[in-house]
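Just below is one structure, and these are the notes that go with it.
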Protein chains: 2
Amino acid sequence: MDCEIFSTGDEIRTGALADTNAAWLAGELEEAGVRVRRHQCVGDDVEMIMGVLKEIGGRADMAVVTGGLGPTSDDVTAEAAAKAGGVDWVLDARALETVQAYFAARKRPMPESNQKQALVPKGADVLYNPVGTAPGFAMTIGKCRFFFMPGVPFEMKRMFTDQVLPRILELQGPDRGFNRVKTFSTFGIPEAVAGEMLVTVSQEFPGIILGLRARFPEIQVKLYARGKNLEFLDRQMREAEKWVLDRLGNKVFSVKGESMEAVVGNLLRSKGADLAVAESCTGGLISTRMTDVAGSSDYFLLGTVVYANDAKMKLLGVRAETLADHGAVSDETAGEMADGVRRLAGAAYGLATTGIAGPGGGSDEKPVGTLCIGLASPQQIRTWRFLMTFTTRAMYKSMFAMKALDLLRRELMGISL
Amino acid sequence: MDCEIFSTGDEIRTGALADTNAAWLAGELEEAGVRVRRHQCVGDDVEMIMGVLKEIGGRADMAVVTGGLGPTSDDVTAEAAAKAGGVDWVLDARALETVQAYFAARKRPMPESNQKQALVPKGADVLYNPVGTAPGFAMTIGKCRFFFMPGVPFEMKRMFTDQVLPRILELQGPDRGFNRVKTFSTFGIPEAVAGEMLVTVSQEFPGIILGLRARFPEIQVKLYARGKNLEFLDRQMREAEKWVLDRLGNKVFSVKGESMEAVVGNLLRSKGADLAVAESCTGGLISTRMTDVAGSSDYFLLGTVVYANDAKMKLLGVRAETLADHGAVSDETAGEMADGVRRLAGAAYGLATTGIAGPGGGSDEKPVGTLCIGLASPQQIRTWRFLMTFTTRAMYKSMFAMKALDLLRRELMGISL
């Protein structure tokens, strides 16, 4: 069965917001074995919305629609749906109760305008909203079953998961296929190279399709499988997973969709080790990422952002001669920074970056894109130097931070560096 | 004249990527006075793409299309365009030269597959690509002028700005209206309150429309004006700007679309002052943001991420009694952190955060959302305590960092705090 996604609203139409709802819904539907054929968007215009609903009603089996269910005069989706379906637009008593209950629970009077949200097309299957004021509804227009949901992402996601997806799976009935998706998060292998290494996967495992997704600075390798025999599908997928891991090896840092910082954090925790970081060119990005992980205070002892040479010396004990002889961007400085921050914090590991993220600051000898990393462990201090080519300061910072975290990951896993 | 946006590609269709190209294009087109009516997306399917091109050709004046111009077998947009236009698909000699030149400049042999990118619909106006291998093209299908561009965002943006937009403006001809948009970046005022304060703008200045955009944690207030009399438009806009600034006052931190960190950086630079930061709950986010600004090494001396109490004491000189008597999350600790990091770096200003970003770590007395900020200046040390309510750790970190930067901005501008 084919599905379409329809987003309504001037914020999307005019580009004030990217349509992340559509992307989220498409991902959920595809993973559930529903083929998404088409997305579209128009503004808050009752005639335009009605027109699109009729078009979709003429060609799709089902459709999910978001936006335009709020209390203001801009919110015209329910009215357009009633018109497209040729039915009246009526007050639903239970929908009104849920809107009233929403305000009552917050000890706030219900504004008159919110009463409008209880108006739904006559005969619609109302989808009550436990986390907001806008109820959704399901109805048939033409040959298509439509599911109307609010545009606020967290309300929409909750309604989709709890109320819409079960109805969609029921609609699929015996025709239902199964989908399996497996994601390998990789770092340090270009997309084209990963593609070449894995291009024969569909020959080895018929029915399995390879997808590569650049999620800068990581590359996600995805395997998609689809079929009606769930047992066969799962077996194929397990074997294909093993085949992929044999080829990509330790370039894969997660098979569960985790971030690099979550992987590094788990490794630190499992070893009972802790970390201190000294950042120059990455400007705090490594610390920010590490502390994005809930519970990171268990292993993240200290971060320092030492742009100034003075700070490198006074705080971390980098020697003046090192800076004079080799420069702030050098293996030697990176090593002393890593050692210094490790000692300062009394941590098991010290990780340091110094480099040139641009746009200024480059030279012939040390162009923009130069990165030096120092890693101090209980056993030793090691350093690396890299030269990368990207286009923006943000890309350099992001890639530099990822490279440093990946070296730490490899150290913690005992992979030879 | 009405315009549509059409994105092709399985990455968008399946939700692997949100369609940020469409949002960017919609924003550019609307700002240029072109009304965007509809967006849509289908996958890499020649029949589907052809069908949508014909539909759009029957109703729109112009359309921008992205994606599917690459060298692989998935890339079928040019073929679909030729079919929809009823013309052959032919090799364009100059397009081939530009593809060859792209590889020659990089001293790499051109893969045979890239030759395909020089195939365009016969009679099309080829748009040469200075930054990638995929040329674009313009052609008419039905009553609509189509502009086909690559899907890689930076290639698409360059081609749109340099080659597509001028052609679109020419097409609009004497019918062309002018658009003016003015953006006020605000912080510290809820969207609904800003809306109430400014709701009468359209009565005061006919033709000016108010828009509010939540760009968490900032709120952007936008004024849109559109008309054929440019002089009148500009005068109305200047007066409306003044009117808005009178009402929002120092809640507005930029009228040029700058980020808070850029505004703070410029203030520091203009005063010849420098900054050191001590972060607990924000985990390095303030440092990351400050150093995202090119040239920030001029005023950003030192950042520290001090999760552990031990680090707060050893590094910043926070007193053990302060931690014992008041806790790590307290005005007292925030003040000592700010003072300590200011002294440590020898900076004019020291800014510190300590708080609870959740999901764990809250208590009845200090729930998740508690934030203490310390600001040490050459004159004094001040502290503030806030309690906020959001839903995720990332939201808390983002809001906490913004709040601290906004206090520093106000201090630097001499606004009473």
Check: With the dipole of the stretch A:1-137 worked out from charges on the C-beta (+1 for Lys and Arg, -1 for Asp and Glu) around the Cα centre, which of A:60, A:87, A:18 lies farthest toward the positive end?
Finding: A:87
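Assuming R0 = 30 Å, can you tell me the calculated FRET efficiency for the pair residue A:222 and residue A:172, based on Cβ-Cβ distance, to the nearest 0.05?
Details: r = 23 Å, r/R0 = 0.75.
Using R0 = 30 Å, I get an efficiency of 0.85.
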Notebook entry, point to check: Between B:386, B:137, B:43, whose Cα lies farthest towards the positive end of the dipole of chain B when Lys and Arg beta carbons carry +1 and Asp and Glu beta carbons carry -1, centred on the Cα centre?
Noted result: B:386
Note to self: Cα atoms only: what Rg and Dmax, in Å, come out for the stretch A:255-311?
What the structure shows: 12.3, 42
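Please give the length that would be gained between residue A:255 and residue A:161 if that part of the chain were fully extended, namely 0.36 nm times their separation in residues minus their C-alpha to C-alpha distance (nm, one decimal). Please report the intermediate quantities before stating the final value.
Working: separation 94, 0.36 × 94 = 33.84 nm, distance 2.36 nm.
Difference between extended and current length: 31.5 nm.
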Next item on the list: Give the nm distances, rounded to one decimal, from residue A:331 to the matching residue in every other copy, measuring between label points 7 Å along Cα toward the beta carbon; shortest first.
Entry: 5.3
Checklist line | For the stretch B:1-127: accessible area per residue (Å², 1.4 Å) | finding: 39
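Regarding the stretch B:179-281, what whole-number volume in Å³ per residue does the convex hull of its Cα atoms give?
Details: hull volume 11.3 nm³, N = 103.
In the stretch B:179-281, the Cα hull volume divided by residue count equals 110 Å³.
Using a probe of 1.4 angstrom, how much of the accessible area of the stretch B:114-200 is carbon and sulfur, in percent? Kindly include the intermediate steps, with their values, before the conclusion.
Working: 1960 of 3520 Å².
Answer for the stretch B:114-200: carbon and sulfur cover 56 percent of the accessible area.
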Margin query: Let me see the P(r) profile for the stretch A:101-157: every Cα-Cα distance counted, bins of 10 Å, each bin given as a percent of all pairs.
Written below: 21, 48, 26, 5, 0
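Using the Cα centre as the reference, give the magnitude of the dipole from point charges on the C-beta atoms of the protein assembly as shown (Lys, Arg: +1; Asp, Glu: -1; all else neutral), rounded to the nearest 20 debye.
Details: 96 positive and 102 negative charges, 98 e Å.
So the magnitude is around 460 debye.
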Item checked: Under the Debye formula (equal points on every Cα, no solvent term), log10 I(q)/I(0) of the stretch A:112-197 at q = 0.12, 0.14, 0.16 Å⁻¹ -> -0.56, -0.66, -0.76
Check: Got the residue B:107 label distances to the other copies yet, label 7 Å along Cα→Cβ, in nm, shortest first?
Finding: 7.3
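How much length, in nm to one decimal, is gained on full extension between residue B:416 and residue B:314, taken as 0.36 nm per residue of separation minus their Cα-Cα distance?
Details: separation 102, 0.36 × 102 = 36.72 nm, distance 3.31 nm.
Using 0.36 nm per residue and subtracting the Cα-Cα distance, I get 33.4 nm.
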Item checked: Binned Cα-Cα distance frequencies in the stretch B:18-108 - 10 Å width, integer % -> 14, 36, 33, 15, 1
Next item on the list: Would you mind telling me the antiparallel percentage of the DSSP bridges in the protein assembly as shown, rounded to 5?
Entry: 65
Note to self: Need one value: the accessible area of residue B:90 in square angstrom, 1.4 angstrom probe, rounded to the nearest 10.
What the structure shows: 50
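Counting only helical runs of four or more DSSP H residues, what would the 222 nm mean residue ellipticity of chain A come to if each run contributes -39,500 (n - 2.57) and the total is spread over all its residues?
Numbers: 16 runs with 169 residues, N = 417.
Result for chain A, helices only: -12000 deg cm²/dmol.
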Next item on the list: Starting from the Cα of residue B:380, step 7 Å along the direction of its Cβ; do the same at residue A:105; then give the gap between the two resulting points in nm.
Entry: 4.5
Next item on the list: Under a cut-off of 19 Å between alpha-carbon atoms, report the lysines in cross-link reach of residue A:182, not counting same-chain residues fewer than 8 places apart.
Entry: A:222, A:228, A:242, A:251, A:256
Checklist line | Carbon + sulfur, % of accessible area of the stretch B:342-417 - ligands and nucleic acids excluded, 1.4 Å | finding: 51
Notebook entry, point to check: Residues of the stretch B:320-354 with accessible area at least 20 Å² lower in the all-protein-chain context than alone (1.4 Å probe)?
Noted result: B:344
Check: In the stretch B:256-293, which residues become less accessible by 50 Å² or more once every protein chain is in place, relative to the chain on its own, using a 1.4 Å probe?
Finding: B:288, B:291
Check: Given the C-alpha centroids of the stretch B:105-125 and the stretch A:336-356, what is the distance between them in whole angstrom?
Finding: 48
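About the Cα centre of the stretch A:154-237, what is the dipole size in debye to 20, counting +1 per Lys and Arg Cβ and -1 per Asp and Glu Cβ, all else neutral?
Numbers: 12 positive and 10 negative charges, 34 e Å.
So the magnitude is around 160 debye.
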Next item on the list: For chain B, find the longest principal axis of its Cα atoms and tell me its angle to the long axis of helix B:93-105, 0 to 90°, nearest 10.
Entry: 40
Note to self: As a test question: what accessible area, to the nearest 10 Å², does residue A:157 have when a 1.4 Å probe is rolled over all protein chains in place?
What the structure shows: 80
Next item on the list: Can you tell me which of B:146-155, B:345-354, A:255-264 comes out highest on packing, and rank the rest after it, using the mean Cβ neighbours within 10 Å?
Entry: B:345-354, B:146-155, A:255-264
Check: Considering only A:288, A:305, A:245, whose Cα is most displaced toward the positive end of the charge dipole of the stretch A:227-321, charges sitting on Cβ of Lys, Arg (+1) and Asp, Glu (-1)?
Finding: A:245
Margin query: Before I look further, what does the stretch A:287-353 give for accessible area per residue, probe 1.4 Å, in whole square angstrom?
Written below: 33
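When Lys and Arg each count +1 and Asp and Glu each count -1, what net charge do the other residues less than 11 Å away from residue A:292, Cβ to Cβ, add up to? Show your work: numbers first, answer last.
Numbers: positive: A:289, B:393, B:397; negative: A:261.
With Lys, Arg at +1 and Asp, Glu at -1, the neighbours total +2.
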Check: Any idea what the residue A:170 label distances to the other copies are, label 7 Å down the Cα→Cβ vector, nm, shortest first?
Finding: 5.8
Notebook entry, point to check: How much space per residue, in cubic angstrom, does the convex hull of the C-alpha atoms of the stretch A:53-165 take up?
Noted result: 91
Notebook entry, point to check: In debye, nearest 20: dipole of the stretch A:15-66 around its Cα centre with unit charges on the Cβ of K, R (+) and D, E (-)?
Noted result: 240
Notebook entry, point to check: If you line up the long axis of helix B:331-345 against the longest principal axis of chain B, both from Cα atoms, how many degrees apart are they, to the nearest 10?
Noted result: 80
Checklist line | √(5λ) per eigenvalue of the Cα gyration tensor, the stretch A:225-371, largest first, Å | finding: 39, 20, 12
Next item on the list: Write down the Kirkwood hydrodynamic radius of the protein assembly as shown, to one decimal in angstroms, obtained as one divided by the mean of 1/r over all alpha carbon pairs.
Entry: 29.3
Notebook entry, point to check: In Å, the Kirkwood hydrodynamic radius of chain B over pairs of distinct alpha carbons?
Noted result: 24.9
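Once B and A are treated as a pair rather than alone, how much accessible area drops out, both sides summed, in Å² to 100, probe 1.4 Å? Intermediate values should be presented prior to the final figure.
On the way: alone 19150 and 19130 Å², together 33730 Å².
The B and A chains share an interface burying roughly 4500 Å².
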Item checked: Angle between chain B longest axis and helix B:20-31 axis [Cα atoms, degrees, rounded to 10] -> 80
Note to self: Please report the accessible area of residue A:411 (heavy atoms, 1.4 Å probe, ligands and nucleic acids excluded) in Å², nearest 10.
What the structure shows: 30
Item checked: Rg/Rh ratio calculated on Cα atoms of the stretch B:331-417 (Kirkwood radius) -> 1.00
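The values are calculated or read from the model by the stated rules, or taken from the named source; none is laboratory data. Please read these numbers as outputs of a predicted model, since none were measured by experiment. Neighbour counts run over all protein chains shown; Cβ positions are idealised from the backbone, glycine included. The area values use the complete protein model at the heavy-atom level, side chains included, leaving out ligands, DNA and RNA. Shrake-Rupley method; radii C 1.70, N 1.55, O 1.52, S 1.80 Å.
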